[in-house]
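A short worksheet on the structure shown next.
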Amino acid sequence: MRDFHIEREQRGAIYLLRLAGAVDMYSYARLDEQVRQLFSQNHHRIILDCQNLDYIGSAGLGSLVGLAKEARVHGGDVRLLRVPERIYKIIELLGFTKVLQVFHDETEALNSFAS
Amino acid sequence: MEPPDGVRIKKSTGKMQIATPGDVSYLGYIRTIVADLARQMGFSESEVAKIEMAVDEACSNVLEHAYAHDKQWLWQHREPEMRLEIRTEDGRLVVEINDHGERFDLDRYQPPPLEDRLEKMASGGYGLHIMRRFMDEVHYSSDPQTGNTLRLVKYLKKS
């Protein structure tokens, strides 16, 4: 059980947030705030690298869906990268992969914003 | 795993009772305990993930709704607390989550369909769907003496 933390990198017009630990009712607000801070600076192209994510609950998933919706209004998106299989199976079963774009490769995720 | 400060644990054969303060910082500990017990019982990793998430949603609901600051709890004079009893019996895992907060009859509540929430890209309203989809039984009861109890059951299916 790791503490939740976020590392932020900028790749041109895209922000890559590397997540580690659990996004639950305790921690999701920190992720929400970080992304909204980028929105407020007019950055709406966000990739969340989930490789080191241990868990995500409905508070986190709901937040991601809401953020992606808002980013799309501004021509951007919130996309997921390297979602661990255990988490991917859960979000796929629930239908979240129908509304959130998920990539396995970082270059592919970065290039997805070019098209 | 050592329990965090403020947690009380009681173990007996096939049963574990955990009481934690009513605070979101204890959710990670509860998930770890429940997932470990489900694994020990023989559930596959994909079923463990579902049980872990369903229990997390149930506990999160208690903290967000039953103990909300603007609600009238059953016993306002008591500090918010979550009490879990996890039992293994007859090929099933039973998790009962008890609180003394605001009563909310989950059995009667029918939220809008999950697919509709997703289509609208709603930022909330998924928790109860997750519990119902991932557990075999979800039952809520409320008693003025013993508080509110949500009972989640998962059957160990032989394959």
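Since every read-out is calculated from the coordinates, none of them should be taken as a lab result. Everything numeric in this text was worked out from a predicted model, so none of it was measured. Quick reminder, even Gly has a Cβ in these numbers, built from the backbone with ideal geometry, and neighbours come from all protein chains shown.
Rounded to the nearest 5, what is the percent of antiparallel bridges among the DSSP beta bridges in chain A?
On the way: 7 of 22 bridges.
Counting only bridges with both partners in chain A, antiparallel ones make up about 30 percent.
So what's the gap between the Cα centers of region B:97-143 and region A:1-53, to the nearest angstrom?
27 Å
What is the mean number of Cβ atoms from other protein chains located within 10 Å of the Cβ atom of each residue in peptide B:37-50, rounded to a whole number?
1
Between A:Glu33 and B:Arg92, take the C-beta separation as r, use R0 = 30 Å, and let me know the FRET efficiency to the nearest 0.05.
Working: r = 40 Å, r/R0 = 1.35.
Calculated value: 0.15.
In region A:8-115, if every C-alpha pair distance is counted and binned at 5 Å from zero, what percent goes to each bin?
Spelled out per bin, shortest first, that is 2, 12, 26, 28, 21, 9, 1, 0.
Eight or more residues apart or on different chains, and alpha-carbon atoms under 23 Å: count the Lys pairs in chain B matching that.
Close lysine pairs under the 23 Å cut-off: 9.
How many Cβ atoms of partner chains, on average, are near each residue of A:50-63 if near means within 10 Å of its Cβ?
Taking the mean over all residues of the peptide, I get 5.
What percent of all Cα-Cα pairs in the protein assembly as shown falls in each 5 Å bin, counting up from 0?
1, 5, 13, 16, 18, 16, 12, 9, 6, 3, 1, 0, 0
Non-local amide H neighbours of B:Gly147 (under 5 Å, H modeled in plane, Pro and chain starts lacking H): which ones?
Result for B:Gly147 returns nothing.
Please find, in a Gaussian network model of chain A (springs between Cα atoms separated by less than 10 Å), the residue of A:Tyr15, A:Tyr28, A:Tyr88 whose mean-square fluctuation is greatest.
Of A:Tyr15, A:Tyr28, A:Tyr88, the most mobile in the Gaussian network model is A:Tyr88.
With a cut-off of at most 11 other beta carbons within 10 Å, and DSSP calling the residue loop, which GluC sites (Glu not before Pro) in region B:1-93 qualify? Please list them. Write down the numbers at each step before the final one.
Details: sites: B:Glu45, B:Glu47, B:Glu52, B:Glu57, B:Glu64, B:Glu81, B:Glu85, B:Glu89; in loops: none.
Here no GluC sites (Glu not before Pro) fit, given the DSSP loop and packing criteria.
Rounded to the nearest 5, what is the percent of antiparallel bridges among the DSSP beta bridges in the protein assembly as shown?
Around 75 percent antiparallel, to the nearest 5.
What spacing in nm lies between the two simple spin-label points modelled at A:Gln10 and A:Leu93, each 7 Å away from Cα in the Cβ direction?
4.1 nm
Give me the tail of P(r) for region B:8-155 as a percent: Cα-Cα pairs with distance above 24 Å.
31 percent
Expressed as a whole number of Å, what is the distance separating the alpha-carbon centroids of region A:76-115 and region B:2-80?
The distance from the Cα centre of region B:2-80 to that of region A:76-115 comes to 29 Å.
Would you please give the residues with an amide H less than 5 Å from that of A:Ile56, counting only those at least 5 places away or on a separate chain, with H modeled from the backbone geometry?
Long-range HN contacts for A:Ile56: A:Val23.
Which of B:Lys11, B:Lys50, B:Lys120 moves most in a GNM of chain B, Cα contacts under 10 Å?
Largest GNM mean-square fluctuation: B:Lys120.
What average count of beta carbons from other chains do you get within 10 Å of the Cβ of residues in B:58-65?
Values: counts 0, 3, 7, 2, 0, 2, 2, 0.
Rounded to a whole number, the mean comes out at 2.
Of all chymotrypsin sites (Phe, Trp or Tyr not before Pro) in region B:61-138, which ones are in loop regions per DSSP and have a Cβ with at most 15 other Cβ atoms within 10 Å?
Here the sparse-neighbourhood loop sites are B:Trp75, B:Tyr109.
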